[in-house]
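The values are calculated or read from the model by the stated rules, or taken from the named source; none is laboratory data. What you see is a predicted model, and the numbers here were worked out from it, not measured in a lab. Glycine also receives a Cβ, built like all others from the backbone with ideal geometry; neighbour counts cover every protein chain displayed. Calculation scope for accessible area: heavy atoms of the full protein, side chains included, ligands and nucleic acids excluded. Shrake-Rupley method; radii C 1.70, N 1.55, O 1.52, S 1.80 Å.
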Amino acid sequence: WTGTAVFGVLERGMDAAWCVERRRGLLRSKLIGALLVLVSGLGRLSSTLVASVARLGAGALGSLGLDVLSRFPDAWRHLALGVQLLLSACAFTLLLSVVPNRRVPALRAVQGGVLTAILWEATKHLFALYVTHLAPYKGMFGPIGGVIILVVWVYYSAAIVLFGAEATALLASAGRRG
């Protein structure tokens, strides 16, 4: 239920980006939110699996019967990053095309999804570097530091998604005028 509330907030933000005046009904909004919770959960699970296999290292890949991959550990890491970017682009494209209460042109949704995925993946890696090397949360705040880090990450993620929605709306309006 909380997940559908998150998508409800995103829906209001994306509707504002698209200047939508008439909102969806509560039941339809909750059903779309529930569907997106399931789809995004499967996407995150797939992305986590790819990231985990990429971090195993050459020796572990060989012991799993993936000898071919163990011969090219750097290539596998880069391939894994590409797969994560592709999964994120698909997820954001779906999000940007389904959540607003209006028809979003498919090409513009893909363009916005790719832009949002690139920003999100870059921010994810930069944020991980910041948290592991620079952030003083653990020393300053103790166990509550993890909650603070989570809240900051959710804020950044929401800002990136809403930026992607705004960019998609601008691309669509420029396409109608041009």
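Tabulated data for the structure shown
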quantity: In the stretch 103-151, the residues that are aliphatic (A, V, I, L, M), closer than 25 Å to LEU162 by Cβ and part of a loop (DSSP other than H, G, I, E, B); calculated: VAL104, ALA135
quantity: Unique residue being more than 22 Å from PHE7 (Cβ to Cβ), of a type in the set (A, V, I, L, M, F, W, C) and open to solvent by less than 60 Å² (accessible area, probe 1.4 Å) when the list is ILE148, ILE160; calculated: ILE148
quantity: Within the stretch 5-46, considering residues that are among the charged types (D, E, K, R), in a helix (DSSP H, G or I) and open to solvent by 60 Å² or more (accessible area, probe 1.4 Å), the one nearest to LEU96 (Cα to Cα); calculated: ARG12
quantity: Residue tally, condition more than 19 Å from the chain's Cα centre (by Cα), modelled with pLDDT of 80 or more and of a type in the set (Lys, Arg), over the stretch 96-142; calculated: 2
quantity: Residue check, HIS78 at pLDDT 80 or above, open to solvent by 60 Å² or more (accessible area, probe 1.4 Å) and part of a helix (DSSP H, G or I); calculated: no
quantity: Residue match in the stretch 121-128 (condition: of a type in the set (Gly, Ala, Ser) and more than 20 Å from GLU11 (Cβ to Cβ)); calculated: yes
quantity: Filter pass, TRP120 being surrounded by 15 or more Cβ atoms within 10 Å (Cβ to Cβ) and touching a Lys or Arg at 6+ places or on another chain (Cβ under 9 Å); calculated: no
quantity: The stretch 88-115 residues that are surrounded by fewer than 18 Cβ atoms within 10 Å (Cβ to Cβ), paired with ones that are in a loop (DSSP other than H, G, I, E, B) and not aromatic (Phe, Trp, Tyr) (beta carbon under 6 Å, 6 or more apart); calculated: ARG102/VAL20
